[in-house]
Amino acid sequence: MNRYFKSFVAAALVCSTLAGCGSSSGGSTAEKTASSSTAAASGKHFVIATDTVFKPFEYTDADGNFVGIDVDLLAAIAKDQGFTYDLNSLGWDSAIAACQAGQADGMIAGASITDERKQNGWIFSDGYYTATQCVAVAADSDVKSLDDLQGANVAVKTGTAGADYANSLKDKYNFNITTYEDSPTMYQAVTGGQADCCFEDTPIMSYTIKQGEQDLKIVDGSENEGNDYGMAVFDSSEQELLDLFNAGLKDIKASGEYDKIIAKYLG
Ligand code: GLN
């Protein structure tokens, strides 16, 4: 049993015992039940991996429910297309590993659609949300622009578009990069003073700051060009999941449900 499989099993066990993953409570349960009954017709069932904390795309709310834009979009699309799924909140890196090891069919975790990833075997759905990456510093930091990051200690989340962006600037600004497993730990490195800044997706960073959860601010002019988020699979045999996702996404955009979900979290 390899490392990834162990962590996947561990996370799956957590999911099956805690409210919020496969068997969520509150609003998600209703959606899940509804999608399950329609799905009997198609009989398709998928295991889908996601991140742990990537607010507001996936996170556990104050009542212990696993919620977010990705969670709601998937529920709405599954209902529309008549498939069922287990959603396993594994973390960014472990979600990728679970898909690559064939232990999950696909992932939805605010995954940025990039050419580099496509060349490395990722297969994406249509885009469902556009996001740039940015730099965030402590609220009382003197850093005003990227130029102030000469020699800085930079925090990134392992394997993310933010990490790629930081790496692309590393030589120009001569900074040191430290990698963290998840977004909250990366933010804490900055608020705790171990890092001068972190690289994060802009909608996630602005939401987290707006919610008053982290004493951070976004550095003006620090954004890259950005990309769309897509559902990802890592084997062409999983194309059906992407086809269903794309068809459902089209439907929920046409029905207005997509806009409602976005407004619920970002409105
Ligand atoms: N959008 C970023 C990426 O695709 C970060 C995703 C995440 O941390 N869940 O790399």
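Numbers for the structure displayed
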{"read-out": "Tally of residues being open to solvent by 10 Å² or more (accessible area, probe 1.4 Å) and among the acidic types (Asp, Glu) across the stretch 43-69", "value": "2"}
{"read-out": "Test result for Gly248, open to solvent by less than 60 Å² (accessible area, probe 1.4 Å) and either touching a residue at least 40 places away in the same chain (Cβ under 8 Å) or more than 14 Å from Tyr129 (Cα to Cα) (or both)", "value": "yes"}
{"read-out": "Residue in the stretch 133-144 that is more than 16 Å from the ligand (Cβ to nearest atom), at negative phi, among the hydrophobic types (A, V, I, L, M, F, W, C) and assigned to a loop (DSSP other than H, G, I, E, B) present", "value": "yes"}
{"read-out": "Lone qualifier among Thr60, Thr132, Thr84 - being farther than 14 Å from Phe245 by Cα and touching a Ser or Thr at 6+ places or on another chain (Cβ under 7 Å)", "value": "Thr132"}
{"read-out": "Residue within the stretch 191-199 that is open to solvent by 30 Å² or more (accessible area, probe 1.4 Å), among the charged types (D, E, K, R) and more than 13 Å from the ligand (Cβ to nearest atom) present", "value": "yes"}
{"read-out": "All positions within the stretch 151-179 that are in a loop (DSSP other than H, G, I, E, B), more than 16 Å from the ligand (Cβ to nearest atom) and open to solvent by less than 50 Å² (accessible area, probe 1.4 Å)", "value": "Gly151, Ala152, Phe175"}
{"read-out": "Elements of type helices (runs of 4 or more DSSP H) contained in the stretch 51-126, each with 1 or more residues being within 14 Å of the ligand (Cβ to nearest atom) and over 17 Å from the mean Cα position of the chain (by Cα)", "value": "115-119"}
{"read-out": "Scan of the stretch 132-150 for residues that are over 26 Å from the mean Cα position of the chain (by Cα) and either crowded, with 18+ Cβ neighbours inside 10 Å or polar (S, T, N, Q) (or both), ordered by number", "value": "Ser141, Val143, Ser145, Leu149, Gln150"}
{"read-out": "Of the criteria (1) in contact with a helix residue (DSSP H, G or I) (Cβ under 6 Å, 6 or more places away or on another chain); (2) in contact (Cβ under 8 Å) with a residue 60 or more places away in the chain, which one Tyr173 fails", "value": "(2)"}
{"read-out": "Tally of residues being more than 17 Å from Asp140 (Cα to Cα) and open to solvent by less than 10 Å² (accessible area, probe 1.4 Å) across the stretch 202-221", "value": "1"}
{"read-out": "Breaking point among (1) open to solvent by less than 60 Å² (accessible area, probe 1.4 Å); (2) free of Cβ contacts under 8 Å to residues at least 60 places away in the same chain, for Asp259", "value": "(1)"}
{"read-out": "Residues being within 13 Å of the ligand (Cβ to nearest atom) and either surrounded by fewer than 23 Cβ atoms within 10 Å (Cβ to Cβ) or more than 20 Å from the chain's Cα centre (by Cα) (or both) - total across the stretch 226-241", "value": "3"}
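The values are calculated or read from the model by the stated rules, or taken from the named source; none is laboratory data. Predicted model, so just to flag it, every value in this text is computed and none were measured. Backbone-built Cβ (ideal geometry, glycine too); neighbour counts: all protein chains shown. Surface areas here come from the heavy atoms of the whole protein model, side chains and all, with no ligands, DNA or RNA. Shrake-Rupley method; radii C 1.70, N 1.55, O 1.52, S 1.80 Å.
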